1. Just to be sure I understand, how many residues within the range 14-42 are buried (at least 20 other Cβ atoms within 10 Å of the Cβ), modelled with pLDDT under 95 and in a loop (DSSP other than H, G, I, E, B)?
2. Hey, among the residues in the range 50-80 that are buried (at least 24 other Cβ atoms within 10 Å of the Cβ) and assigned to a strand (DSSP E or B), which one's farthest from the chain's Cα centre (by Cα)?
3. So residue 213 fits all but one of (1) in contact (Cβ under 8 Å) with a residue 24 or more places away in the chain; (2) more than 17 Å from the chain's Cα centre (by Cα); (3) assigned to a loop (DSSP other than H, G, I, E, B); (4) under 19 Å from residue 86 (Cα atoms); what number is the exception?
4. Here are some conditions: (1) more than 30 Å from residue 235 (Cβ to Cβ); (2) outside any helix (DSSP H, G or I); (3) at pLDDT 95 or above. Residue 162 meets all but one. Which one does it not meet?
5. Of all residues in the range 303-324 being out of contact with any strand residue (DSSP E or B) (no Cβ under 9 Å at 6 or more places or on another chain) and surrounded by fewer than 17 Cβ atoms within 10 Å (Cβ to Cβ), which is nearest to residue 172 (Cα to Cα)?
6. For the range 403-439, enumerate the residues that are assigned to a strand (DSSP E or B) and surrounded by 15 or more Cβ atoms within 10 Å (Cβ to Cβ).
7. If I ask for residues that are surrounded by 22 or more Cβ atoms within 10 Å (Cβ to Cβ) and part of a loop (DSSP other than H, G, I, E, B), which ones from the range 220-246 would you list?
């Protein structure tokens, strides 16, 4: 049977880095002649791009695969192919094997360029390649990094795109399994990034969100120092009304040069995603973050100096081994000071193969859950207050989709997927997805805004 006669579907799980991979997979399959269907039940083969970062994400992937397997028809279709981080995670941690028991085959990052051929072989009864698993101590293969430049079939917002500038991580945080899954830091060549940026904009993207495991460390692997500022200056030569946004900025590598580049062009969102994870000196050391509380305060001062009034997002981990009430109290006080517009909080989990998993002074699960609740409650008050302070202000909004209550979109202070939205009331005809419009914020809630058009 010709490839054109095969239907395929894809379920995307995990973070924006995985979304970029899923879009590449979709593009590769379509170029190879497979026909896409949104309904897995109608597909001959279904790809599930998994996340393996935490136990909760592994359980989600296992649940999706199990549900799809239970819905198979008499002919045993769709065949289920697991791709992504969980495939690599299990390869390096066999004790997690059961999470992929419902999959008919597993395909790791190195095989993504060959994925259409692998899927065709599976449909013809051939076995999929076996996986050794994980890239601990190694970089992802060049074939994968080159594959990132292939045409993508976009999912989600047609106006906003993720631009992956690198893969892997060399920070060596004690709790983190990313280096075990995606290997050492590997920055993409600037020319490849610029080419892809141009293609995304030509296809309709009005916002480019720069992502990597650690964007601020871009270029350290090939230049010996961060080269994000140089990359941004090249991207900012692109003409047109565009937004650029920087996500996943590790405080250790945040420099004045990077912030200066961000401040140099009004199209760069005055927004920074700064994953701090903790602020207590002892806990930062236990976590292997590579900096202490002094650096946290310095980074906040740098941002205030270069991007005054910027919207800030961060993430914290509670319940890491060694976190007592004193250490948590310092973190809680830091959050209550109201520095961040948006925050995520996670409970530590003992990831196999990580340094933290071998630490004995663990925090009881109930205590960790209670701490997370207190932290989120504190941040909810901060987010509400900071958003309320924007009421009455005039700003620019990117329109993304029309719904019954008006146009939904975001301001520069709201990143896609992780932050709230802005809803434009009393809209006029003639507006389209991708338009930038001047608005006045008229109402706010905990996370979302309502706005009205401002006359030009």
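The values are calculated or read from the model by the stated rules, or taken from the named source; none is laboratory data. Since the structure is predicted, the reported quantities are computational estimates derived from the model, not experimental observations. A quick note on method: Cβ atoms are made from the backbone with ideal geometry, for glycine too, and the neighbour counts reach across all protein chains shown.
1. 1
2. So, considering only residues that are buried (at least 24 other Cβ atoms within 10 Å of the Cβ) and assigned to a strand (DSSP E or B), the one farthest from the chain's Cα centre (by Cα) is 80.
3. The one condition residue 213 does not meet is (2).
4. (1)
5. 324
6. So in the range 403-439, the residues assigned to a strand (DSSP E or B) come out as 403, 406-411, 422-425, 436-439.
Within the range 403-439, 406, 407, 408, 409, 410, 411, 422, 423, 424, 436, 437, 439 qualify.
7. Of everything in the range 220-246, just one residue is surrounded by 22 or more Cβ atoms within 10 Å (Cβ to Cβ) and part of a loop (DSSP other than H, G, I, E, B), namely 226.
Every residue, every condition in (1) crowded, with 23+ Cβ neighbours inside 10 Å; (2) at pLDDT below 95, yes or no:
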{"site": "154", "(1), (2)": "no, yes"}
{"site": "166", "(1), (2)": "yes, no"}
{"site": "200", "(1), (2)": "no, no"}
{"site": "206", "(1), (2)": "no, no"}
